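Note sheet for the following structure.
The values are calculated or read from the model by the stated rules, or taken from the named source; none is laboratory data. Since the structure is predicted, the reported quantities are computational estimates derived from the model, not experimental observations. Heads up, the Cβs are rebuilt from the backbone with ideal geometry, glycines too, and the neighbour counts pull from every protein chain shown. For the accessible areas, the whole protein counts, side chains as well, though only heavy atoms, and no ligand, DNA or RNA atoms are used. Shrake-Rupley method; radii C 1.70, N 1.55, O 1.52, S 1.80 Å.
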Amino acid sequence: MASSEEDGPAEEKEHTKKKAIGPFSTAWLTLYNIAMTAGWLVLAIAMIRFYVETGTHKGLYKSLQKTLKFFQTFALLELVHCAFGIVHTSVLVTAVQVSSRIFMVWFVTSSIKQIQNEESVLLFLVVWTLTEITRYSFYTFNLLNHLPYFIKWARYNLFIILYPVGVVGELLTIYAALPYVQRTGMYSLRLPNKYNVSFDYYYFLLIVMCSYIPLFPQLYFHMLRQRRKVLHGEVIVEKED
Ligand SMILES: CCCCCCCCCCCCC/C=C/C(=O)SCCNC(=O)CCNC(=O)[C@H](O)C(C)(C)COP(=O)(O)OP(=O)(O)OC[C@H]1O[C@@H](n2cnc3c(N)ncnc32)[C@H](O)[C@@H]1OP(=O)(O)O
């Protein structure tokens, strides 16, 4: 099933011309990817500046949360891109990736000030930033048919370490939130109430943490398959959503 070829310009052209999309979609995706690369670069610079000026990560999340919320929420458009078929990727895989990020930003870290200075928050912020600068610049240069090999290499190698490290940062952050959520009952609905419905955010967070066990390996193996396809030219038959 696998055909292997040398990495290099010929293989690169093959990768770039494989799935043609229309000029309007190409223009839109190029603008989108440039904007997202710029957004994550702004976040990277803000993080470096904050650390250089203060010598600590405490207060970092608060200082950049508006920008982070904006660009991470903007990534919801990636679901629209797959749903309309302008990018050839799985809606399901993208939905899990994007929703878990949005959840971390809006419903965990930004909602609970008490955990914003945890080291685990710094961990996932750094990992997300490195990942997204690489990913969006890869898409941009690929669309422009001028993909430097080191960006392609970084896109399909860095995730091997960054993905699990990012997940550890996210899980530790949710874990740090648990005592506060249990104590305050935030986002929870206790009986009796006029809707006759009960919801416990504490247990919801525990379920979210457990859902990483089946879901994360699927995302990771998806990326390993992408890596084999792009870097080693393997032909991989993807299952339909
Ligand atoms: C209610 C709450 C629910 C919570 C649920 C919790 C469970 C969560 C469990 C999982 C937890 C994950 C947490 C995530 C943590 C992190 O992110 S840590 C940081 C490290 N992260 C990564 O390395 C992320 C890796 N993931 C990705 O890259 C993507 O998000 C992906 C969707 C998982 C995979 O990307 P995919 O698009 O399938 O692969 P590619 O090889 O990049 O692209 C495939 C083709 O699509 C084209 N394409 C895609 N997007 C674009 C674009 N924006 N512009 C242009 N083109 C695009 C791409 O070029 C490829 O096309 P071809 O060349 O034609 O193949």
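So, SER111, is that one open to solvent by less than 40 Å² (accessible area, probe 1.4 Å), within 14 Å of the ligand (Cβ to nearest atom), closer than 30 Å to ARG183 by Cα and in contact with a Leu (Cβ under 7 Å, 6 or more places away or on another chain) or not? When the stated conditions are applied, SER111 does not pass them.
The condition of being modelled with pLDDT of 95 or more and not aliphatic (A, V, I, L, M) holds for only one of GLY55, GLY85, that being GLY55.
Please go through the range 178-202 and give me each residue that is part of a helix (DSSP H, G or I) and over 23 Å from ALA95 (Cβ atoms), ordered by number.
Scanning the range 178-202 gives LEU178, PRO179, TYR180, VAL181, GLN182, ARG183, THR184, TYR202.
Scoring LEU144 on the criteria (1) touching a residue at least 40 places away in the same chain (Cβ under 8 Å); (2) open to solvent by less than 60 Å² (accessible area, probe 1.4 Å) leaves a single failure, condition (2). The listed residues are LEU219, LEU162, and the only one of them that is near the ligand (Cβ under 8 Å from one of its atoms), open to solvent by less than 60 Å² (accessible area, probe 1.4 Å) and either free of Cβ contacts under 8 Å to residues at least 40 places away in the same chain or among the polar types (S, T, N, Q) (or both) turns out to be LEU162. Is there a residue in the range 75-83 that is in contact (Cβ under 8 Å) with a residue 24 or more places away in the chain, open to solvent by less than 50 Å² (accessible area, probe 1.4 Å) and more than 9 Å from the ligand (Cβ to nearest atom)? The answer is no; no qualifying residue exists. Here PHE70 fulfils each of the conditions (1) more than 17 Å from VAL98 (Cβ to Cβ); (2) more than 13 Å from the ligand (Cβ to nearest atom); (3) hydrophobic (A, V, I, L, M, F, W, C) apart from (1). If I filter the range 117-138 for residues that are open to solvent by 30 Å² or more (accessible area, probe 1.4 Å), near the ligand (Cβ under 6 Å from one of its atoms) and of a type in the set (Phe, Trp, Tyr), do I get at least one hit? Checked against the condition, which is being open to solvent by 30 Å² or more (accessible area, probe 1.4 Å), near the ligand (Cβ under 6 Å from one of its atoms) and of a type in the set (Phe, Trp, Tyr), the range 117-138 yields no hits at all.
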